[in-house]
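This report concerns only the one structure given below.
The values are calculated or read from the model by the stated rules, or taken from the named source; none is laboratory data. None of these values were measured; they are calculated from a predicted model. A quick note on method: Cβ atoms are made from the backbone with ideal geometry, for glycine too, and the neighbour counts reach across all protein chains shown. The protein model used for the area step is the full one, side chains on, heavy atoms only, and it has no ligands, DNA or RNA in it. Shrake-Rupley method; radii C 1.70, N 1.55, O 1.52, S 1.80 Å.
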Amino acid sequence: MLPPRPAPRPADLRGLPVASRLETRAALAVTAVATAWFALAAAWEMFGPLLAGHYASSAGVGIIAENMLRWEILGPVWEYTASRPAPAMYYCHHPWGIFWTTAAFMEVFGRHDVICRLPAVLLSAATPPLLYAIGRSVYRPAAGAAAAASFVVLPITLAFANLNALEVPVMAWTLLGLWGYVRLTQTSRRRYLAVSALGLALGMHADWPAFVLTGGLLTFGAIRAYLLPKRFFGPIHERRYAQWWVLTAFLAALTAALYLALFHQAGKLGDLLGSYGFRSSGNAEPLAKVLASRRYWIELSFTPIAIAAGKLAAIVCAARLVLLRREHDALPLLYLATATVQYVVFRQGADIHIFWPHYFGAYFALAAAALVETGAALLERAAAAPRAPGAAPPPAGPALVALALWLAPLAAVLRDGLPALRYARETGGRFNERGHLIHSDGAKTAFLRWLAPRLPEDAPVEMHEGMKATWAQVWALGGRVVKPTRPAPKETPPRGAYLADTRFLLDRDQASLARRFDITAVGPFWALGAGVGAVAPPAQGARGIEAFSFREREPGLLAWYLVSGTEPEREIVPDPFLTWELRAHFGQPAEPPAGPPETLEQKRIAHNIALAAGDDARAAALLAEITAALTPLGARFDDGTELLGTTFHEGARSLLTIVVRAGGPAASDVALTVRSRVVERAPLSTTMADPVDREVGLPTAISPQRWRAGFLYADPVPIRKRPGTEVFWASLRARGRGRAPRLVDSGGAPEVEVLRLR
């Protein structure tokens, strides 16, 4: 015999749990603030260029949408093609719903950077109200407010709120489906049946985890309606419940069959199975060891406070489901199971994608509602005797106290969420990238956007592997056919353009290109080819290098929010100083600039011009001006190289510049490197300090093997500060087996501290 089922809470005419007006108003106020904050966070940089990192996948979705419209195809194709792509090129690892959605937006609004983010921004803005609606429908207004507030403070949900990929639409649509399910069970109205089925179906068109959630909900629904005694969870409208179950199951089967048919027609079923076999690789490792290796990523994404609360909530939800026998307590547990399958089963994916546990954010929010409801019930019980069914609404006091008690730890979570949001935007959602060098591609994208309209419309673009091509780069070129990782041309210039990043181009290859082709250089980026001639013909028709530079300035407030808060505004301008420097280093005739140097960078090159001309007095005067502007280092190496000092500009994209006086050409495998280490976690933060030493210095555009004795060189190092106190060290290192130059009078230290940030 089952014990008596606890009496259900009183409901109003809409089938919602009754609540006082004060509680409802307070909860709506909290939800409104949470929604506005999350919408603002998602919309930050919405109109800006798409850059590198995980965020570049949004550009990939834009490329697919443009191909769908251009070629009138249903299947996604990641790259631009000169002719209609065959089905064999379709991307068949995920459902195609997000691509169709973006194509619809592009059809209406046109091809713009914002279109690649807009669907995610809108769905993110809708997620907190959906969470409130679920919590309010299942429990009470205070619980709904707790759900909305909990979602919008997590570092991982903030970091990826504008990522037009998979998790954002899956969570938004499935939460809509869960809300419809809850309201269906409360009212038995057909419109909620339709809302539930529609939300779950759209979630399944977004990605496979929605199938896991839907399957779990259907399984629970079958057990609840047909296997357990009817008095266990209470009565339901059996006909309407059966209609919902059959319709949802039919849509799940139809959606799965649709994609199986489409993938089979494209010949990609084997590719799909292979991709998920690869994603699930690494399952032989014990789970505890795997989680320990990801500890920093997990803490950075959720904070220890949210992790502990999430564990407690799982126990509370399970206890409520068994003891109170209220079916909706199963919803957080179903979302927990979905997130766990995604994170634990597909281990390889979780090892390389920090956003892989994003679905735990939805679980945490739903679980928060259950915790606040439980806390309010305990406070009510402590304050007064239980009320009989049909009595007046419960007082607002206990519910609001429970909500306030819950908001306090959320404030501590937000303390780590705010810097994580900026850190994510600066790194393209990669965070520490396990210590690997991170490129934002801000300057590279500005170069590509400047170059694209100057090329013939049908000009293909080839890229050296050092460009480290991404979907964002391909998107920035305006829809042209791009051929990445191409070897340098031998003799004949390519029909379109050939692009290279000299920081990742061997010195001998740079010299070969400079000897054989006319080159347009924009900072460290080189463009050559038959299609580039009109971009920047060499001065006076001479064959050689013509250089441009980036003129950078800090964005204004509006541009900081709407366009880029993590990159400066860039203008590309002719640079006679850089033209002289490149030509002089690659053996080309070089005329000194006519005008005087104005910036520190121009003074550096003017110093070298004076040295090359034998004007020692002018060189000494310029050296004095330069050193006066530097924070001195005075670090000398035994090969004669000296790190004179640094400048540090703190702004949208902070920049450390190290000025070097060369002792002469370096050995063939020696490079100037900069690494950083977090030595102390941030004040008031609960997240552990990042344990990874990270490469932060990019190779110099002019290789140290080409340096000249006495010349000054600058190494600009973009600083994307990690949470906590981060220290940066510079050194000369041998990339191969050669001997690296050693610091003189350093007490044996292999590197010199160049910056410390708190």
Exercise for the section: Whenever you get a sec, line up 502, 647 from highest to lowest accessible area (probe 1.4 Å, protein heavy atoms). Expected result: 647, 502
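With r defined as the distance between the Cβ atoms of residue 693 and residue 746 and R0 fixed at 22 Å, what FRET efficiency is calculated, to the nearest 0.05? Provide the component values of the computation, followed by the final result.
Details: r = 19 Å, r/R0 = 0.86.
That pair, residue 693 with residue 746, gives E of 0.70.
Provide the per residue accessible area, probe 1.4 Å, for the chain, rounded to a whole number of square angstrom.
41 Å²
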Practice task
Averaging sequence separations of C-alpha pairs under 8 Å and six or more residues apart, then dividing by the length of the chain, give the relative contact order as a whole percent.
Solution key: 13 percent
Exercise for the section: Would you grab the residues whose amide H sits under 5 Å from the one on residue 523? Only those 5+ places off in sequence or on another chain, please, with H modelled 1.01 Å from N. Expected result: 548, 549, 550
Exercise for the section: For the chain, find the longest principal axis of its Cα atoms and tell me its angle to the long axis of helix 330-340, 0 to 90°, nearest 10. Expected result: 30 degrees
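In segment 218-324, what percent of the accessible surface is made up of carbon and sulfur (1.4 Å probe, ligands and nucleic acids excluded)?
Ligands and nucleic acids excluded, carbon and sulfur reach 73 percent.
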Problem - Dipole of the chain, positive direction: furthest Cα of 244, 153, 697, with charges on the beta-carbon - result: 244
Fill in the blank from the handout: Sorted on mean Cβ neighbours within 10 Å (highest first), peptides 146-152, 586-592, 195-201, 241-247 come out as 146-152, 195-201, 241-247, 586-592
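Grab the Cα-Cα distance for residue 249 and residue 275, subtract it from 0.36 nm times how many residues apart they are, and report the gain in nm with one decimal.
Contour length minus Cα-Cα distance gives 6.8 nm.
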Exercise for the section: State, to one decimal in nm, how far the label point of residue 512 lies from the label point of residue 684, with both points 7 Å from Cα in the Cβ direction. Expected result: 5.7 nm
Completion exercise
Computed over segment 663-758, the Cα gyration tensor eigenvalues, each multiplied by 5 and square-rooted, give semi-axes in Å (largest first) of 29, 14, 12
Exercise for the section: Tell me which residues come under 5 Å, amide H to amide H, from residue 463 once H is placed; ignore anything under 5 positions away on its chain. Expected result: 483, 485, 486, 499
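At 0.36 nm per residue, minus the direct Cα-Cα distance, what do residue 418 and residue 47 gain on full extension? Give it in nm, one decimal, please. List each step's numbers first, then the result.
Details: separation 371, 0.36 × 371 = 133.56 nm, distance 2.08 nm.
Gain in length upon complete extension: 131.5 nm.
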Problem - Semi-axis lengths, Å, segment 98-174, gyration tensor of Cα atoms, sqrt of 5 times eigenvalues - result: 27, 13, 9
Problem - Quarter of Cα convex hull surface for segment 426-489, i.e. mean projection, nm² - result: 5.0 nm²
Fill in the blank from the handout: One finds, for residue 573 and residue 189 with R0 = 51 angstrom and r their Cβ-Cβ distance, a FRET efficiency to the nearest 0.05 of 0.20
Fill in the blank from the handout: Taking every alpha carbon pair in segment 667-713 and sorting the distances into 5 angstrom bins from 0 up to the bin holding the longest one, the percent per bin comes out as 5, 16, 18, 15, 11, 10, 9, 9, 6, 2
Practice task
Summarise the long-distance tail of P(r) for segment 41-86 by giving the % of C-alpha pairs beyond 15 Å.
Solution key: 50 percent
Completion exercise
If each part is reduced to its alpha-carbon centroid, segment 441-500 and segment 19-50 end up apart, in Å, by 41 Å
Completion exercise
Whole-number value, in Å³ per residue, for the convex hull of the alpha carbons of segment 49-205 is 121 Å³
Completion exercise
In nm, the gap between the two label points placed 7 Å beyond Cα toward Cβ at residue 231 and residue 11 is 2.0 nm
Handout entry: segment 623-712: GluC sites (Glu not before Pro) in DSSP coil with no more than 14 other Cβ atoms inside 10 Å
Key = 650
Practice task
Specify the angular offset, from 0 to 90 degrees and rounded to the nearest 10, of the alpha carbon long axis of helix 600-613 from the longest principal axis of the alpha carbons in the chain.
Solution key: 20 degrees
Practice task
For an R0 of 25 angstrom, estimate the FRET efficiency from the Cβ-Cβ distance between residue 737 and residue 465 and round to the nearest 0.05.
Solution key: 0.60
Exercise for the section: Counting residues in segment 418-534 as N, plug N into 2.2 N^0.38 Å and put the Cα Rg over that result. Expected result: 1.14
Fill in the blank from the handout: Karplus-derived 3J(HN,Hα) from phi for segment 673-683 (6.51 cos²θ - 1.76 cosθ + 1.60, θ = phi - 60°), whole Hz, x at Gly and Pro, runs 10, 10, 10, 9, 8, 8, 9, 7, 6, 5, x
Problem - Folded to 0 to 90 degrees: helix 576-585 orientation relative to the chain principal axis, Cα - result: 70 degrees
Completion exercise
Residues whose modelled amide H sits under 5 Å from the amide H of residue 572, counting only those 5 or more places away in sequence or on another chain, are 551
Practice task
Please give the calculated 222 nm ellipticity per residue for the chain, where each DSSP H segment of at least 4 residues contributes -39500 (n - 2.57) and the sum is spread over every residue; nearest 500 deg cm²/dmol?
Solution key: -15500 deg cm²/dmol
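Quick check: with the 1.4 Å probe, what order do 276, 335 take by accessible area, largest first?
276, 335
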Handout entry: Evaluated at q = 0.07, 0.12 Å⁻¹: base-10 log I(q)/I(0), Debye formula over Cα of the chain
Key = -0.59, -1.35
Practice task
Determine the gain in length on full extension of the stretch residue 311-residue 483; use 0.36 nm per residue of separation and subtract their C-alpha separation, reporting nm with one decimal.
Solution key: 57.1 nm
